[in-house]
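Structure record follows, encoded as structure tokens.
FYI, it's all coordinate maths here, none of it is from the lab. Given the structure is predicted, the values throughout are model-derived calculations rather than measurements. Neighbour counts run over all protein chains shown; Cβ positions are idealised from the backbone, glycine included.
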Amino acid sequence: MDKHVLGLELPTDPRWVNIAEKKIEDILVDHAWCEQKAASSCVSLIVKFPEKQELVDMLTPVVAEEWSHFERVLEQLKKRGHALGKQRKDEYVARLADIEKKGGSREEQLVEKLLINALIEARSCERFRLLWKNIGDEELQKFYYELMVSEAGHYRNFLQLAKEYLPGEYVMQRWREILAAEAEIVKTLEVRGDRMH
């Protein structure tokens, strides 16, 4: 599940996982909120595009899965004697919102949202892989391996859905543009071990 499988142009700075391991409580708190936002994002797509049957069918189980991940991260926090803690500003996701093309047809707006979601899942998957491969805590290693596999499935779901609504050629061209823009964002973001992204 490396960056090439996921399509990412720029791998995470290797320093991230070393800092993250020292701040695992902060990572778990941030991760919990990421799962909550992933579930909310899918709910929001269903609410905005209820007439898109394939979308409703595919994303309904994803909502349940992301929410169960949220619960599982809370469990890991509790085991370590930590509470959820406040949600922090997610600079990565805020910068991704600037990439999203506004306007266009209803289908174009939907495809933009699906591709941004696919990208967040791909980057999360890459980070989970780093945690699985590199942290010393065996229970968390297993936990992040399971989540890595799950997020990879979601990433593919979003890309596949996008191709239901606009031609595959358009979708893949736009996907490449978004990947290039994301690489620039990752390059300029500070390497912080208390954030999942």
**Q.** Neighbour-count ranking [beta-carbon atoms within 10 angstrom, fewest first] of Thr188, Thr12, Thr60
**A.** Thr188, Thr60, Thr12
Q: Report, in whole Å, the centroid distance computed from the Cα atoms of segment 24-96 and segment 139-185.
A: 16 Å
Q.
Which aspartates and glutamates, if any, have their Cα less than 12 Å from the Cα of Lys163, not counting same-chain residues under 8 positions apart?
A. Glu54, Glu107, Glu108, Glu112
(Q) Straight-line reach only, C-alpha to C-alpha below 22 angstrom: list the lysines that Lys133 could link to, leaving out same-chain residues fewer than 8 apart. (A) Lys3, Lys22, Lys23, Lys79, Lys142
Q | Positive-pole candidate from Ala94, Ser124, Pro167, dipole of the chain, charges at beta carbon | A | Ala94
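If you average the sequence gap of Cα pairs under 8 Å that are 6 or more apart and divide by the length of segment 18-188, what percent do you get for the contact order?
Numbers: 142 pairs, mean separation 36.5, N = 171.
Relative contact order of segment 18-188: 21 percent.
What's the local net charge at Glu164, with K and R +1, D and E -1, over the other residues with C-beta under 15 Å away? Don't jump to the answer; show the numbers that get you there.
Details: positive: Lys52, Arg106, Lys113, Arg156, Lys163, Arg174; negative: Glu51, Glu54, Asp57, Glu107, Glu108, Glu112, Glu169.
Around Glu164, the surrounding residues sum to -1.
Only four residue types carry charge here, +1 at the Cβ of Lys and Arg and -1 at the Cβ of Asp and Glu. Report the dipole size of segment 72-197 about the Cα centre in Debye, rounded to the nearest 20.
Values: 24 positive and 22 negative charges, 74 e Å.
Magnitude of the dipole: close to 360 debye.
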